[in-house]
Every structure is written in C-alpha cells, then in structure tokens.
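*Asks:* Sharing a structure with you now.
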There are 2 protein chains.
Amino acid sequence: MGSPMRRVSQEDTWSGQVHPDIASERHVQSFDVERLTNILDRGAQNTARRRKVESIIHSDPEFSCKDNYFMTHNERYEAAVKKAFHTQMLTQSLGWSEEELVYVYRALSGDTVLGMHTGFLKALRSLGSEEQIAKWEPLCKTCRIIATYAQTELGHGTYLQGLETEATYDATTQEFVIHSPTITATKWWPGNLGRSATHALVLAQLTCSGARRGMHAFIVPIRSLQDHTSLPGITVGDIGPKMNFDELDNGFLRLDHVRVPRENMLNRFAQVLSDGTYIKRGTEQSNYLFMVVTRVEILLGEILPPLQKACVIAMRYSVIRRQSRLRPSDPEAKILDYQTQQHKLFPQLAMSYAFHFLAISILEFFQRSYNAILDRDFSLLPELHALSSGTKAMMADFCIQGAETCRRACGGHGYSKLSGLPSLVTRVSAASSYEGENTVLYLQVARFLVKSYLQAHMSPGSTSQRFLPSSVAYLTAPDLSRCPAQRAADFLCPELYTTAWAHVATRLIKDSVYHLQTRTQSGQDQHEAWNQTTVTHLQAAKAHCYYTSVKSFSEALQKLENEPAIQQVLKRLCHLHALHGILVNSGDFLHDGFLSGVQVDMARTAYLDLLLLIRKDAILLTDAFDFTDQCLNSALGCYDGNVYERLFQWAQKSPTNTQGNPAYEKYIRPLLQSWRSKL
Amino acid sequence: MGSPMRRVSQEDTWSGQVHPDIASERHVQSFDVERLTNILDRGAQNTARRRKVESIIHSDPEFSCKDNYFMTHNERYEAAVKKAFHTQMLTQSLGWSEEELVYVYRALSGDTVLGMHTGFLKALRSLGSEEQIAKWEPLCKTCRIIATYAQTELGHGTYLQGLETEATYDATTQEFVIHSPTITATKWWPGNLGRSATHALVLAQLTCSGARRGMHAFIVPIRSLQDHTSLPGITVGDIGPKMNFDELDNGFLRLDHVRVPRENMLNRFAQVLSDGTYIKRGTEQSNYLFMVVTRVEILLGEILPPLQKACVIAMRYSVIRRQSRLRPSDPEAKILDYQTQQHKLFPQLAMSYAFHFLAISILEFFQRSYNAILDRDFSLLPELHALSSGTKAMMADFCIQGAETCRRACGGHGYSKLSGLPSLVTRVSAASSYEGENTVLYLQVARFLVKSYLQAHMSPGSTSQRFLPSSVAYLTAPDLSRCPAQRAADFLCPELYTTAWAHVATRLIKDSVYHLQTRTQSGQDQHEAWNQTTVTHLQAAKAHCYYTSVKSFSEALQKLENEPAIQQVLKRLCHLHALHGILVNSGDFLHDGFLSGVQVDMARTAYLDLLLLIRKDAILLTDAFDFTDQCLNSALGCYDGNVYERLFQWAQKSPTNTQGNPAYEKYIRPLLQSWRSKL
C-alpha cells in the first residue's frame, strides 16, 4: 500500500493495530493497488501532489473535522470560515495552484465555505469580457472581496426565463437599477450569501431602451467592506437549516432599486452602450455556459466522492461485521460473504469506477470545446450541454441511491452519524436539485435525443446524418433484433452488452418519438403532446445515459492494455455494471424479444458468478480510492478496521454524555415522583 | 372539510387567507373528504376522539414543535422529556387510555421520549407471568420507574443467537449474574437508555445448572431512583448523534457481573426454579412474540405516517409551485400538471392508501391470534411472523423511497428542513434496520414461502396442502400461462392484476425453489446452496409481499360498496398501485411470456391515463389523511398553501440570522484584509 502512515486514526489514543479480519483481505493482492490509485489520479505525479496537500491539511489541527458530528449549525459555519481563512493563508504562503486547491477541497471533504467564491470566478471567466476579468479576478483571488453567484429565486429555479429580478438601464446616470419586485423574486440558495459575501453576481432580466432583453449577470456589492453590514436597499440573510451543508451559509437576497454602474454587467456575450443600445454577441445559450462549466466540475468534485466513500466504509465494515453462520458448525460469517450483501455493495463499487471514467471522458470533451465556445463558436454546445446534463442527472440519481444502499447495508450502525454514512447520504442528496433539477435535465437530454433521432432517420445518407454528434452516433448503427448470447459466459463481453444497451436506448428513443408523433399527427397541440409523453422520454433518456456509462467504461479499459492485472479486475466491474443495469431493467430488454427469458437468466447467472470473483478484490478496490481516515471521518470505515472500539470511544465524547443531563432535575425527577404526590 | 380551524398556522402573525391555487383544488369535491377520513380512522367516533386529543396537544404551547429544526441535539432531548412529562401529567388528569395515547404520539409526530417505556410494558405483557405483570405494570404506568428494552448489542443485531450478554444463575443466592463479557456485548441502541431509564429489560443468554438455555429477558435496575446515577457495575450513556431521532436518547449499557433476583427473569414461557432447574413452557419462537407485536404496531404508528405526510407536503407544494409553460402563450403551469410530477407523486399516494389497508388487515389478523399465542397455542405464529416481517420490510423500503421521492419532487425547497421533508426522510430511514433488518426479514419470508411451496406441491390433495396458510393459498390456485388483457382498459380490473401478481410471485417462488434444489441435488451443502440463491429468494419474497398489498387493497375496496364515490376514487389508486408495480417490474411479467410487450404497453397506457384521472382529486386525497399543520411542521405543506411567505418568515428566525455572525470579526475581516497586509 501507498503510505499507510497517512491514515492517522480517528482517536488519538488508538493503538494502531490492524484488525485481523481486514488484514486478511489485504493479504493477497491480485493487482497493484498503488498503480490503480495512480490511474484514478491520472498519473503518479498527481497522486504525489494530492498526498502532499492532504498531508499538510491532515497534520494541521486547524483543519480537523472530527467534532463535526457533534457541532451545531452555527459552530459548523464558524469552523468552515476558519478553514477557509487558513486555506487562504496557506495558499498565499505555499503558492497553491487552482489544481492544488481542488485537492484541498477533497482533503476537507468540501467542509469549507468559499466554494461559491470560486464559482463567481468561473462565472466571471465565462461571461465577463477580458477587461472585466482583469479588474475583478485579482480582487477575488486575493479575497479583497468575497463573492457569490445569485441565480435561483424563492419562486423560480431551473426555468430561467421565469426569473423575476429586474435590471433596468437608466441612461441618464449610466446605471442599472436592480430590483426584486415580489417575494418570489427573492434570491434564494446562493452559497456564501447568507453571512459571508460582500458581492453577488446577480442574474436578472435586463430592460434597456424600453425593451426586455432576457437574463444577464450583474456584479452587485451587497455588504460593506468596512463593517460587513448590508448596504442600502439590500436585505440579506441565511435561509436556515438544511438536510446537510450546515457549514455553508446559503442565503437570501432582496434588492430594492439598487443601482450599479453600467460596467458591472458582464459583457462577453452582450453589452449595453451608454445610450442604452443593446448589442448581442452570443446566442441565447451563451448564458448557460457557466452552468455547463459547473455541471462538469461537480461530477468528480462533489457528486462521485460520497458514493466512493460510502463504498469504502460499507465494504470495510462488511468484513469486520460477523453475523449468523453460513453453516451451523462455522463461526459467524463476515457479512460480505453473504450473496445479498455482495448484491448490495458490488454494483455500487462498479458504479463508482464506471462514473469515474465517464466523468473523465466528459471533462476531456469539455476541455476540448470550452475555448471554442468562449470564442463564440457554439457548434459543440448542444452536445456538451446534453452530455453534461444527462451525466449530472444520472450520476446524482445513482450516487444518492448508491450511498443510501451502502448506508443501509451497514444495518443499525449505518444510522449513526459516527459511521459517516448519514452525512454522505444527506450531502449527496442535494445533487438531485442543485445545478439543474434532475428530471428537467433528463428531459433536455430527451429533446436532444428526439432531435438527433429525427436527424438520423428522416434523411438517411444526408449531410446532417453524417454530422450526428458522436455521443448519439449509435442511433444510425446497424441494429440486431436478437441478442446472440447462448450461454452465461457470452455476457462477459463489452461488445455484446454495449450493443445491447445501444439497442434498448435506440428502441426507447424511437418509441418516444413515435408516441410524440402519433399525438401531434392526430391533432394534439405539440406542447400538450410533449407533456403527455414525458414519462416515456424520461425512460429513453435514462437508457441513453446508462449506455454512455457502459461505453465509456469499456473504452477506458481498452486503454489499460499495459496493465493486464488492473485491466482484468476492472473488467469484472465493467461487466457487473452493464449486467446489473440489464437485470434491473430487464423489462426493457425483454419487451421486443431482444433478450429472451432464458437469456435474462443467463445474464443473472453471469452476474451472480461475478459477485464471487469480485469478492476477493473488494477491499483492495476500495483502498485504491485512497481516502484517508480524516476524509472518511467514519468509525465504521477506518483503515485499520477497529470498528467497535472506535464507535464506543467516539460515542462517549458526545456532548450528551459529557454535559450531564439537564433534563433530569427539571423533568425526570418530578416525573418519577409525580405519582407519589397523588397518593 | 372537517374542522379547518384546527389547522393553526405555523406563524402566529399569518393572515389565514387560503392561497387561490390550493383553494381551486378543493373547489369541486367528487367525494366526501370527511367520510374518507372516518374510514381511515376506522369510524367517525375515532376521528372525533383523535381530534379531541390533537386539539388539546396543539393548543398547549408546551407541546410546540415549531423550533425543532433550529434545536441542538441536547435541546431536542430536553424538549422531548418535557413533552413526555406533560403527557404523563395530562394522562393522569384527563384519564387518557392507551388508545388515546396512540393519538398523542401521532399529534406529537413521535417527538417524545418514552416510547421504549411503552415498549417495555408490551414486552412485559408478552413475556412475563401474570404475577410479574401485576408487579411491574403499575410501577411502569405510573412512571415510578422509567424502563427500556435492551436487546441489540454493539456487535450483534438481528441474529439473536449471537447475543453475548450472559445471565448465569447462582443458586446459592437465587440471583442471576448479568454480565457483558466483551466490547461487542455492549447493549447498543435501546431508546431511553442513554439518559432517562432507571430499569432495563436485558436480553441475555441464560446459563443455569451449567447448561446454556438460550435467550431470556431480565429486569435490571440501572440507575438510582434517588439521584439517577448509574448503579454499581453499570456503565451507561448515549450512543451519540444519529441521522435523526435527536429527541431520543438511544443508549449503550455495559454490565459488570450485576446481580438481580431470580424473580426478575420474565417467565411466561420458561422458568428457573430456586435450585436451578430449568422449566420450558414455550417454543424457541416464543421469545420472538414481543418482536412480532412491535413489528405490527410500528406499521401504522411509525413507518407509514412519514410517507403520508411527505405526500401531503409535496402535493400541496406542487399546486402552488409554478414553473415553465405548458404552452408558450400560457402562464407558468402548476408543476402537478406535468406528467413527470404526477408519475413521481401519485404512486406514492396510492402506496399510502395501499399500505394503510394492508397494515389494518395485518393488525386484525394479529388481534385474532395474539391471545391464542399467549395461551401457548403457537400454530398461527409462523404465518403471523412471515406476514408481519414481510410487511414491515416492504413498507419500510417503499416508505423510505417514497418519502425521498416526494422530497426530491419539491426541488431545492425539499432540501430545506423548513419543508419538513428532510426530517421525514431521515426519520423513516431508520425503519430499514430497526425491529429486524429488512433483508434478513425478507429472507425469513422466503424460507416460509419455500416451505409453503413444497407443502403445496410435494403432496397434492393431502391434508397439509389443505391447511396451507391463507396468505399463501394462491400457490395452489389454478394458474394462467398468459394474461388475457386485450386492451388498456382490461388492466383496470382487480381480479386481472391480482392474478397477474399471484402468477409472478408463484413463478419466482418456484424458480427459487428450483435453484435451491438444483444445487443441493448436485451435492452442494444446503447452507451454501441457500446463500448462493438468496438474491433469487429476495426477489420472490418481494413479489409475494407486493401481491399481498395489491390483494388487501382490493379486498378493502370491496367492503366500501356503500360508499360508491369513495370506492371509485380509491379504486383508481388501487389500479395505479398494481400497475405501477407491474411496470417497474415488467421484466418479471415478460420473462415467461405471461405479459407480451404489447400488453406491457397497454398497462402503461392505462397507468398514464389514471394519472390524469387522479389529478383532480389529488389534494383532497391528501387532505383526507387529516394531518394538522403542527403535525406536518412544514412551510411547503401548510393547509392554506401560503408557501413562500412562510418560508421567508420562518427562515429569518434561524439562529444564523438572529445571533449575528461571530465568524466575522475572527475570520472574515482578517481574510478581507489579509492581502493588504502583504502589500
């Protein structure tokens, strides 16, 4: 293993011996765990850089998170601000790059407060002119201001055209008047807004020269740089308790005719001249660019890690926990030796790897196309939007569900915050709505699919068919009507199951186009027809996204020819990911006879056999994620496996144990004596 | 509507006007909502009794829960003890019966602390002799002691034979010596144990006259009745923070050779004589009786209400929230008018009703058989155990998933604690492991099903076949090999879909028996064969449970002949429940050709058409659950629909807004100035 020294124990008093049940799991290594970690890090040098950052963070008591589960909302916020402050100090003294700050965020498990400050910077770079970037970026990077991005409103979320905040240009003073006309126009949710930010990038409906021009972004000072009080016309505060993210001051903001100078409108894609003339340089979509940037970055930065960590914790606990006997004469068995436990956890492990490689492929596509878009070449934006939207929605769905599956797989202990699992679940649960509500995103993918399908099939051989975006090129591939598998082993073949997924996705897309056209051709209004077929579209979009994940996983494995041991162990996970999806959705594969019932049974046999094969590498495959004990912050998931001792020691530090029982004198004693007084 | 006056608003300052978007939903009533409430309450007189209790609770500021979302762990516990104390005072002064205390628990949403005190009482009644009940029940009912039930251990849960706590009989003193031999033997989880209880009913492995006799229950004093300090040999405390249930002091308990008198062993089913002679009067199963009692009671008391409340909240919010336009010329649409939103919420609503009627039928079966079991007639126990285990597991699974679906259907606001939804989700999430871990319970059902199947098919026409328990009688019913449906409307038929579910359950049970037998016949060890087929057994058990829910729902509707309007509207929900299950599991129905792909499409058409029909009654169907605003404790789900105003007002009361920003002087100001110092 890499450097076990870094895995400092949760409890300072802990002995450091490794539990024999977990040591035995690491005894025989069928592949090089360190090398797999390097692959996940995209290079050994990145692993080294990441560990260097982690060792700095984890050896500094200012960054400790071990009391998190015992803290109040206010305490969590204050601790996070403290961490942000220290991060800023270290960034200045050590010269951390933006890449290294990503490792800082990972080391802190996101338990810091200035995420949206960075978000502001990225929005600025996407939407601001070079002059605006030159002016605001240094102020932001050196924390002379603290900024946030304010888009969502109390009554309006994903449907941006519905935003109510107004920005009206006043040519006499060359200012924009920013105003919240109703209670539902109150900005709601922006991180850092509640208590920290001094400036907000406010998204508002622009009116100039009497005409509405749609949504634009305006830099608005909201709090005094002298004493942090809110500026005139500004009502700002924290939106209160949430399911998690206590450390983050999500806030509200109301603006009462607040004036900002003309140059505070970000103007890479649109500009208002001093006389109020409106000049447009981008498409309607250009405002969405920042959202695409964010959606791509959260995949690896925010959405996937909770699932990976949940896998690590549940897997380690499952080889320590012993329950019942497999045979009456045996000792109690490790619960990971039960088929049902493998059936719960291994698909989540496979998903963790599948989504890693998927997110990397999207990131690479994004990096290839971002500069072109900044230069106002929007040709790749629709595909990038569809890919990032669909991947975000799918990953959020499955990571929430997967983390919860891992949590439940740990029985009662999974319900204790000290397991780390509840916080992972409640944190990743936010992913279903932030950065675009999942159903809305899936339906945007569906529109892209319908359009692509029509493009592919309405004019075969034409130019437009040749230029079908590569992510939907399978829509024109020759299709098998029957799966050729004749035995279980035939299913252990990427080509076979990728083709199967392509078949099902194509059929469902075709089906949803058919339903849509049937309705419009029978005279139904096209919008009503769309609404009445959205359940079908949703199903098609989900199948397409799953296909994408299977395809990118198997393509990533092809590149590991030089790592045969790792390729083999990951290939099993790839098989498992594809087959688990087929079995869960077997109805879609049986529907048109592409698979027969007998073939589904073969796929199940192949799947169940894979569980047994993956079993022996399970702990190593989770070790390879290389999360330190501090990152996991879990008594169940500790690297040395001394689960019960940690739970017992940690629980006793609970304020409920250390602060006595103030309710005793007030209520319990009178209760115990109440009857006596009646006698 | 019944008595809208009871629905006191969350905010004292609120005007009380009903939002027009929700008023319009209640304008036309196709059925009598009050009458449906009476049916759910099992009689109008029960509705009246319940409301009387609720009006007392909700008009008493001592029982207020409106600050819950802002409280710390300690504060929640203290508030709950206060409520328990006041409940006890009111019980004495008003003479509340145990039935009325169930209404109290509902009115408090379980936010009270003495649940396990009642649990102790029920265990006492199940396992204690008449003399023991006569001694301890009055002490308990008058709160001269506070008791809990201590079974689960740090290292041992569902597998009771694995419990390590020891009770060794010492004939010389006629005492039992209760002892925790290891750290994993520490009792862990019992409610009230952490800080409140004075006595625990400790489950321990009995040894007398040198022989191990299995698990028995012992009443052990743990805290002084004088000053509440722990007694000699007792180490006791709170297990710390959990995903929810902050109000409850789940605790740990270690016993160091603690002695209790011989008569403290509960001895309805087994007794130790003074010389150490062991006398058994029950079966191995008799110790499980109390667990069956609890499993039955939590269905309606604990597991179902969070799903019902989540439906109420999400449904009300979905007619207030407007987003996007269905047509470009329209105003923004109520999100409940989107097919995808109906597809999320209506199956949960249907499930809420299906599970209500299922739980009632199990409760009635339980009430019919409980006294026989107490009198040591154990013939009905296996079926009661299977029914209650399967129903608990299924309801827990679907209520967790359903509450989370409702939460996500509310977008970002569903992530705010002020919506009420996060607390419902995190509370009901405990249900997957408490009172028997779900997978373990499903597998116990599976064993019952395998046994019943073999009984039904190995000796046709024999006595044992005639005596097949009624819940599995369908295993011998004549089976169709093809579903006769020819058009979508054919699926709107309870007989058709109940038969379809019976077919699939039978096939899956048969399949799992076949897999099991194939393995054992080819020489595999029977335990290994069981383990390697458990994924299949799980699937069979789940299908059986779903069948049971469909069957009990349609049987309950047959009894509503005199209520045609209510019968009609509930019938749609019954159809939806059955069809939603078929569509989600379509692979199981297509597998052997019972349904064709064309028939699945028909079922989907029928399902989508039902969504439109249910739409107009959706709000009324949730109103019928008759939860007061205080029970819901939700800004999104308030009866009058003034969602945004409440969110805005309530958020501002957050301590994060009222306590200033202590982090500013310490960290934010230095951060904003840090760069300047570098210049």
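*Asks:* Given B:Lys344/B:Lys559; A:Lys542/B:Lys616; A:Lys334/A:Lys616, which pairs have Cα atoms separated by over 19 Å?
*Replies:* Over 19 Å Cα-Cα: B:Lys344/B:Lys559; A:Lys542/B:Lys616.
*Asks:* Let me ask you something else. In nm, give the distance between the simple-model label positions of B:Ser274 and A:Gln29, each being 7 Å from the Cα along the Cα-to-Cβ direction.
*Replies:* Here the answer is 6.7 nm between the modelled labels.
*Asks:* Order B:433-445, B:70-82, A:156-168 from most to least packed using the mean count of other Cβ atoms within 10 Å.
*Replies:* Highest to lowest by the protection proxy: B:433-445, B:70-82, A:156-168.
*Asks:* Right, next: Please list, in order along segment A:75-87, the HN-Hα scalar couplings obtained from phi with the Karplus expression 6.51 cos²θ - 1.76 cosθ + 1.60 (θ = phi - 60°), rounded to whole Hz, x for Gly and Pro.
*Replies:* My calculation for segment A:75-87 gives 5, 5, 4, 4, 5, 5, 5, 4, 5, 5, 4, 5, 4 Hz in order.
*Asks:* Among the listed pairs A:Lys187/A:Lys242; A:Lys653/B:Lys187; B:Lys82/B:Lys417, give every one whose C-alpha distance is greater than 21 Å.
*Replies:* B:Lys82/B:Lys417
*Asks:* Mind ranking A:246-259, A:224-237, A:175-188, A:400-413 by how tightly packed they are, going by the mean number of other C-beta atoms within 10 angstrom, highest first?
*Replies:* Output ranking for A:246-259, A:224-237, A:175-188, A:400-413: A:400-413, A:246-259, A:175-188, A:224-237.
*Asks:* Residue farthest toward the positive end of the dipole of the protein assembly as shown, with Cβ of Lys/Arg at +1 and Asp/Glu at -1: which of A:Asn192, A:Pro469, B:Ile178?
*Replies:* So the residue furthest toward the plus end is A:Pro469.
*Asks:* How charged is the neighbourhood of B:Leu193? Take every other residue with its Cβ under 15 Å from the Cβ of B:Leu193, and add Lys/Arg as +1 and Asp/Glu as -1.
*Replies:* +1
*Asks:* Work out the FRET efficiency for B:Lys653 and A:Thr229 from their Cβ-Cβ distance, taking R0 = 22 Å, and round it to the nearest 0.05.
*Replies:* Efficiency at R0 = 22 Å is approximately 0.60.
*Asks:* Would the protein assembly as shown count as rounded, prolate or oblate if I go by the C-alpha gyration tensor, calling it rounded below 1.5 in a/c and otherwise prolate when a/b exceeds b/c, oblate otherwise?
*Replies:* Verdict is rounded for the protein assembly as shown.
*Asks:* Rounded to the nearest 500 deg cm²/dmol, what is the calculated helix-only ellipticity per residue at 222 nm for chain B, with -39500 (n - 2.57) per DSSP H run of length n ≥ 4?
*Replies:* Calculated at 222 nm, the ellipticity per residue is -16500 deg cm²/dmol.
*Asks:* Calculate the mean, over all residues of peptide B:647-654, of how many other protein chain Cβ atoms lie within 10 angstrom of the residue's Cβ.
*Replies:* Averaged over the peptide's residues, the number is 6.
*Asks:* What distance in nm separates the simple spin-label points at A:Asp375 and A:Asp592, each placed 7 Å from Cα in the Cβ direction?
*Replies:* If labels sit at A:Asp375 and A:Asp592, their model points lie 4.1 nm apart.
*Asks:* Taking each residue in A:586-595, count the Cβ atoms of any other chain within 10 Å of its Cβ, then average. What number comes out?
*Replies:* What the average comes to for A:586-595 is 6.
*Asks:* Moving to a separate point now. Below 8 Å, C-alpha to C-alpha, sequence gap of six or more: please give me the relative contact order for segment B:411-566 in percent.
*Replies:* 23 percent.
*Asks:* Give the order of B:Lys135, B:Lys551 when sorted by the count of other beta carbons within 10 angstrom, beginning with the fewest.
*Replies:* The fewest-first ordering by Cβ neighbours comes to B:Lys135, B:Lys551.
*Asks:* Another one. State whether chain B is rounded, prolate or oblate according to the following rule on the C-alpha gyration tensor (a ≥ b ≥ c being the square roots of its eigenvalues): a/c under 1.5 gives rounded; otherwise a/b larger than b/c gives prolate, and the remaining case gives oblate.
*Replies:* oblate
*Asks:* Right, next: Within a 10 angstrom radius of the beta carbon, how do B:Ile239, A:Ile22 rank from fewest other beta carbons to most?
*Replies:* Neighbour counts put them in this order, fewest first: A:Ile22, B:Ile239.
*Asks:* Can you work out the PRE-style zone for B:Glu130? Point 7 Å along Cα to Cβ, and I want the residues of segment B:354-379 with backbone N under 20 Å.
*Replies:* Only B:370-378 fall inside the zone, counting backbone N under 20 Å.
*Asks:* To make sure I understand the rule: partners must be aspartates and glutamates, Cα under 15 Å from the Cα of A:Lys135, and not fewer than 8 residues away in the same chain. Which ones qualify?
*Replies:* Correct list for A:Lys135: A:Glu263.
*Asks:* Work out from phi, with θ = phi - 60° and the Karplus expression 6.51 cos²θ - 1.76 cosθ + 1.60, the ³J(HN,Hα) of each residue of segment A:513-521, listed in order in whole Hz, and give x for Gly and Pro.
*Replies:* 5, 4, 4, 5, 5, 4, 5, 5, 5
*Asks:* Straight distance only, please: which aspartates and glutamates reach the Cα of B:Lys66 with their own Cα at less than 12 Å, same-chain residues fewer than 8 apart left out?
*Replies:* B:Glu11, B:Asp12, B:Asp111, B:Asp629
*Asks:* Take peptide B:328-339, look around each residue's Cβ out to 10 angstrom, count Cβ atoms belonging to other protein chains, and average those counts.
*Replies:* Rounded to a whole number, the mean comes out at 2.
*Asks:* What ranking of B:Leu636, A:Leu620, A:Leu475 emerges when the number of other C-beta atoms within 10 Å of each C-beta is taken as an exposure proxy, fewest first?
*Replies:* Placing the least packed residue first, the sequence is A:Leu620, A:Leu475, B:Leu636.
*Asks:* Continuing with this model, one more query. For the ranges A:524-535, A:347-358, what's the packing order if you count other beta-carbon atoms within 10 Å of each residue, average per peptide, and put the highest first?
*Replies:* A:347-358, A:524-535
*Asks:* Ok, one more. Report relative contact order for chain B in percent, whole number only (criteria: Cα-Cα under 8 Å, sequence separation at least 6).
*Replies:* Relative contact order of chain B: 16 percent.
Every number here is computed from the coordinates shown, using simple stated rules; none is lab data. This one's a predicted model, so the numbers in the text were calculated from it and none came from an experiment. Don't worry about glycine lacking a Cβ; one is built from the backbone with ideal geometry, like all the others, and counts go over all protein chains shown.
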